[in-house]
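Take a look at the structure set out below.
The values are calculated or read from the model by the stated rules, or taken from the named source; none is laboratory data. In this text, all values refer to a predicted model and were calculated from it rather than measured experimentally. So basically every Cβ, Gly included, is an ideal-geometry build from the backbone, and we count neighbours across all protein chains shown.
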């Protein structure tokens, strides 16, 4: 698994994908940060910034994973991976952890924006930290979705678009929380990504929400492994 992880991590910066992802991530997040915080009459509240950034993740992260497995299938090199000593689970996790490492590194670099808030006031460090932790786990979930759909097709563009569609549907579920049927509203709140994100906007580190994000990410990774195990024996 570690060999695949290193190869994939190196591959992100041999090809333009890693650079394009980093540049677009920092540009979009910087623009959102400027609009949502710096231009709001010195307000240090960043609630809107984080929420908009989640929607940006829905577009950017599938672009990071779109070639992870689909490119292997397109070039027929997946046969080498499936016959290598590495298990299918190790192969999937190696590729997933490489994408997660790139995302985490860029998210950490992006956090330097918050140093600017010191100019305008006394930012709540605990609030910022809780939001960043939640963003990391939401990003991990989105990457797992991208990896799964990358395993279903040999066309990276189809993989990216399908992943975006599924992620946006998962985000759109939160808009049904005002539905008049109480039991359905409770179900929507339970499965909604944004509803589970809300406690973090108050500086609360909600462990149940983190477990939810990790569980859904694990489900998509498990499904990816099942896709390849089925393909191996087909």
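Key figures for this structure:
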item: Residue that is nearest to residue 199 (Cα to Cα), among those in segment 109-130 that are more than 24 Å from the chain's Cα centre (by Cα) and surrounded by 14 or more Cβ atoms within 10 Å (Cβ to Cβ); result: 124
item: Residues that are in contact (Cβ under 8 Å) with a residue 60 or more places away in the chain and in a helix (DSSP H, G or I), drawn from segment 108-128; result: 109, 110, 113, 114, 116, 117, 126, 127, 128
item: Lone qualifier among 139, 146 - being within 11 Å of the chain's Cα centre (by Cα), under 24 Å from residue 34 (Cα atoms) and buried (at least 24 other Cβ atoms within 10 Å of the Cβ); result: 139
item: 1 or more residues modelled with pLDDT of 95 or more: qualifying helices (runs of 4 or more DSSP H) within segment 149-234; result: 156-172, 207-233
